[in-house]
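Comments concern the structure below.
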Amino acid sequence: MSDDHTHVQEFFGPRAADWDRRFPDDGPAYAAAVAELGLRKGDRVLDAGCGTGRALPPLRAAVGRSGQVVGADLTPAMLQAAVHAGRDRDGFLLLTDVAALPLRSGSLDAVFAAGLIAHLPDPAGNLRELARVVRPGGVLALFHPIGRAALAARQGRRLTPDDLRAEPNLRALLTGSGWDMTVYVDEEARFLALAVRTG
């Protein structure tokens, strides 16, 4: 296991059991972000870095019982918390690294990723891996239930021009990774970037 994996698991593992209690009001923001994906009944969608699975119920509602929902996360304790919350009924949970997904190329219609990008050890390479498993024309949503400035304040840091989620930086990163960014929203109450799989 790489140091990156260990760091992520050491950060999220001890927080998993209390994660939903720490952020109890995020549900509507997740549902609204999922709605922005434009999913249809029967679609196949991945929640990359699913954590406790808060996006799984709205993803399941969007794709219906004929669709497929997979939640992938690197931290066993987060997936255990998802099971404890009953969210495994809404999607298949997979313990894996988004850098090497055990999924066929072009097998998905969309990827939803809440809070993931800041924890990627190789953002360009990892976004290319997400592009690999999505069909051309499929959609990626990079989401956070609060905006960049609010998140920085919560974490006690300042925003800098090299911030990965700043619009010009993120647009260039996505373009170089097989995505075309179509929507960028950075408000107090949410961050959302939508991108379409090119090629």
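Label-to-label distance for residue 21 and residue 163 is 3.1 nm, based on points extended 7 Å past Cα in the beta-carbon direction. Shape class of region 104-199 from the Cα gyration tensor (axes a ≥ b ≥ c, square roots of the eigenvalues): prolate, since a/c reaches 1.5 or more and a/b is larger than b/c. Treating region 51-100 as a set of equal point scatterers at the Cα positions, no solvent, please give the Debye-formula log₁₀ I(q)/I(0) at q = 0.16 Å⁻¹. Relative scattering, expressed as log10 I(q)/I(0), comes to -0.39. For residue 112, nonlocal amide neighbours, meaning residues 5 or more places apart or on other chains whose placed amide H falls under 5 Å from its own, are 46, 47, 48, 141. Each residue of region 39-48 was assigned a 3J(HN,Hα) from its phi angle through the Karplus curve 6.51 cos²θ - 1.76 cosθ + 1.60 (θ = phi - 60°); the sequence is 5, 10, 4, x, 5, 10, 9, 10, 9, 7 Hz, with glycine and proline shown as x.
Applying a DSSP loop filter and a limit of 11 other Cβ atoms within 10 Å to the trypsin sites (Lys or Arg not before Pro) in region 77-186 leaves 104, 157, 158. Evaluating 6.51 cos²θ - 1.76 cosθ + 1.60 at θ = phi - 60° for every residue in region 85-93, the Karplus couplings come out as 7, x, 7, 5, 6, 9, x, 7, 8 Hz, glycine and proline recorded as x. For the chain, the Kirkwood hydrodynamic radius from C-alpha pairs, put into Stokes-Einstein at 20 °C and a viscosity of 1.002 mPa s, yields a diffusion coefficient of 128 µm² per second.
What a 1.4 Å probe finds exposed on the chain is 53% carbon and sulfur by accessible area, rounded to a whole percent.
Between amide H atoms placed 1.01 Å from N, distances below 5 Å from residue 93 occur with 71, all of them 5 or more places distant or on a separate chain. Heavy-atom accessible surface of region 107-199, averaged per residue, reaches 42 Å², computed with a 1.4 Å probe.
The values are calculated or read from the model by the stated rules, or taken from the named source; none is laboratory data. A quick note: this is a predicted structure, and the numbers were derived from the prediction, not measured. Backbone-built Cβ (ideal geometry, glycine too); neighbour counts: all protein chains shown. Note: areas computed on protein heavy atoms with side chains; ligands, DNA, RNA excluded. Shrake-Rupley method; radii C 1.70, N 1.55, O 1.52, S 1.80 Å.
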